[in-house]
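The values are calculated or read from the model by the stated rules, or taken from the named source; none is laboratory data. Since the model is a prediction, treat every value here as computed from it, not as a measurement. No Cβ is skipped: glycine too gets one built from the backbone with ideal geometry, and neighbour counts run over all protein chains shown. Surface areas here come from the heavy atoms of the whole protein model, side chains and all, with no ligands, DNA or RNA. Shrake-Rupley method; radii C 1.70, N 1.55, O 1.52, S 1.80 Å.
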Amino acid sequence: MNSQLLEKITKKYQEKFSETPITLRAPGRINLIGEHTDYNEGFVLPTGVSAAIYFAMGSRNDDKVCLYSYDFNSECQFNLSDTQKPKEQWASYLFGITKIIMEKGYKIKGYNCVFGGDVPVGAGMSSSAALESGLALGISELNNLKLDKMEMAKIGQKSEHEYVGVKCGIMDQFASIFSKAGKCVKLDCRSLEYEYSKLELGQYMFVLTDSKVKHSLASSEYNTRREECALGVSALQQNFAEVNSLRDADLPMLETIVNSVNEKVFDRCRYVIEENNRVIEACKQLNAGNLEEFGKLLYASHEGLSKLYEVSCKELDFLVDKTKNMDYILGSRMMGGGFGGCTLSLIKKDKLEEYQSVIAPAYKAAFGIDCKFYPVVVENGTERIS
Ligand code: GLA
């Protein structure tokens, strides 16, 4: 918990609205393994981190919504009845959540909200899911709606689809809402059943290395991948009526469509099928405390994301490659949607400084960019603080 930040945000709220707000915290997330599997009804293994967005909120007696972004020092207002989303990008996430809760038939009052956080934007830790999840809980608390956790995750995902234009899966919002300190959670994205496991890494820890790049392709290519997977599913259905998603397919089944789809579609499907298998294997290895085998799966995941799914980029490939001859790193891969953001690496705790001192200058020499490092602390999901 970043108490200083929470205090600043609460103070800002009091200055602006002269009343005591309720406060909430919603974390960013990491995903251990299982990338681009969520919208294919597969498995993911995410958890929330200490970086979070903090909210101070209070109800109003009219139908106005007054938002203030502490980080951007920027304000935005709209009415609950407005249909046009605000022009500020950050506000459209909050507008979307508000509208979707109302569309579901819940009666809500106007509200004031000041928010800010330490989840780096564009680093692939899903600051947007944190924003959506925190606001959904805040609106629920202010209006006593008692929204169920899974319902809040679905509201966040819907808002992303309809108000941001990214056809994302459920992983990010799920992770931001459901995570528990010290644990990771395996989610079956079809049944939405989930299972927590203790994250016991012994002498190891996770570190994120932020490439500091965000290629503009990210959201359009994301939606394209979804379409390519759907093409694969249609072709598979010709041969196997029971296939409703790539979750239902295995590699021998995929071989039967090798001549009926183009090479890219084939590769995308192969990646997803293999990645689902890797999540299951990764859970086994983690539970058995076999971190070396788990680390190998991280490298294999990156290879697939880079070569078959083609969502990596030269900066991320460089960061992962560099770790391959570091004997204190067991595995590394790009994390999240891709085309920039962070790599996730499993590193020996006492080698963190050494790693940083090797990577930072090498990355700077190759790309002229100062990368950033975030040691991972696994934290609770979205919660009301006061
Ligand atoms: C983004 C999306 C998620 C998921 C990941 C890739 O973070 O929001 O739903 O698809 O990419 O695993």
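Observations, loosely collected:
- Residues being away from the ligand (no atom under 12 Å from the Cβ) and over 20 Å from R25 (Cβ atoms) - total across the stretch 166-191: 4
- The criterion of at least 3 residues that are open to solvent by 30 Å² or more (accessible area, probe 1.4 Å), of a type outside the set (A, V, I, L, M) and within 26 Å of K183 (Cβ to Cβ) is met, among strands (runs of 3 or more DSSP E) falling completely within the stretch 284-386, by 372-375.
- Scanning the stretch 126-165 for residues that are open to solvent by less than 30 Å² (accessible area, probe 1.4 Å) and β-branched (V, I, T) gives I139, I155.
- Check on G48, within 22 Å of C342 (Cα to Cα) and not in a loop (DSSP other than H, G, I, E, B): yes
- Taken over the stretch 157-185, the criterion of being in contact with a Phe, Trp or Tyr (Cβ under 9 Å, 6 or more places away or on another chain), farther than 26 Å from Q285 by Cα and of a type in the set (G, A, S) is satisfied by S159 alone.
Residue-by-condition table, conditions (1) within 16 Å of the ligand (Cβ to nearest atom); (2) not charged (D, E, K, R):
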{"site": "G28", "(1), (2)": "yes, yes"}
{"site": "N31", "(1), (2)": "yes, yes"}
{"site": "L45", "(1), (2)": "yes, yes"}
{"site": "A51", "(1), (2)": "yes, yes"}
{"site": "C66", "(1), (2)": "no, yes"}
{"site": "D71", "(1), (2)": "no, no"}
{"site": "S74", "(1), (2)": "no, yes"}
{"site": "F78", "(1), (2)": "no, yes"}
{"site": "Q84", "(1), (2)": "no, yes"}
